[in-house]
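Notes follow the structure.
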Amino acid sequence: MIREDISPKTKDEYMITNNYRTMQKIKNEWKDQKLSRKLLLEIHFSLTENTLEQEEYHRFRKDSDEIRIE
């Protein structure tokens with residue numbers, strides 16, 4: 001998919017392309033930046049773009065969040 005430059009269609013495919021794209025950004029753009037809250041949120045958004053509900057973007061987990069793995 002990445003080699004053939006095929007656009008992602010499913011959430012799983014977005015996760016794969018997001019991981020690849022984020023690794024490239026870390027290597028080429030972010031490697032010399034000091035780790036900060038802003039950079040963590042940029043990395044988080046890059047990894048999760050098109051995979052989360054809108055209200056989940058650009059935020060850290062809260063203590064009140066109910067986390068369930070099924």
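The values are calculated or read from the model by the stated rules, or taken from the named source; none is laboratory data. Only a predicted model underlies this, so the values are computations on that prediction, with no experimental measurement involved. We place every Cβ from the backbone using ideal geometry, glycine too, and count neighbours over all the protein chains shown. Accessible surface areas use protein heavy atoms only, side chains included; no ligands, DNA or RNA. Shrake-Rupley method; radii C 1.70, N 1.55, O 1.52, S 1.80 Å.
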Testing the spin-label approximation: label points 7 Å from Cα along Cα→Cβ at THR48 and LYS34. State their distance in nm.
2.6
Roughly how many debye, to the nearest 20, is the charge dipole of the chain about its Cα centre, given +1 on each Lys and Arg Cβ, -1 on each Asp and Glu Cβ, and no other charges?
420
Could you give each residue of the range 63-70 its phi-based ³J(HN,Hα) in whole Hz, using Karplus coefficients 6.51, -1.76, 1.60 with θ = phi - 60°, and x for Gly or Pro?
4, 7, 5, 8, 10, 10, 10, 10
Picking from GLU53, GLU42, GLU13, which is most flexible by a Gaussian network model of the chain using Cα springs under 10 Å?
GLU53
Using θ = phi - 60° and the Karplus form 6.51 cos²θ - 1.76 cosθ + 1.60, what ³J(HN,Hα) does each residue of the range 46-52 get, whole Hz, x for Gly and Pro?
4, 6, 10, 3, 6, 10, 10
What figure, in Å² to the nearest 10, do you get for the accessible area of SER7 with a 1.4 Å probe and non-protein molecules left out?
80
Residue by residue through the range 10-22, which ³J(HN,Hα) values in whole Hz follow from phi under the Karplus form 6.51 cos²θ - 1.76 cosθ + 1.60 (θ = phi - 60°), with glycine and proline marked x?
10, 4, 4, 5, 4, 4, 5, 5, 5, 4, 5, 4, 5
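Sort MET15, MET23 from largest to smallest accessible area, using a 1.4 Å probe on the heavy atoms of the protein chains.
Ranked from most to least accessible, the order is MET23, MET15.
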Using only Cα positions of the chain, each an equal point scatterer, no hydration layer, compute I(q)/I(0) via Debye at q = 0.15, 0.22, 0.25 Å⁻¹ and quote the log10 values to two decimals.
-0.60, -1.05, -1.17
Have a look at TYR20, ASN50, ILE6 and report the one farthest towards the positive end of the charge dipole of the chain, computed about the Cα centre with Cβ charges (Lys/Arg +1, Asp/Glu -1).
TYR20
Qualifying trypsin sites (Lys or Arg not before Pro) in the chain, DSSP loop, other Cβ atoms within 10 Å at most 13:
ARG3, LYS9, LYS31, LYS34, ARG59, ARG61, LYS62, ARG68
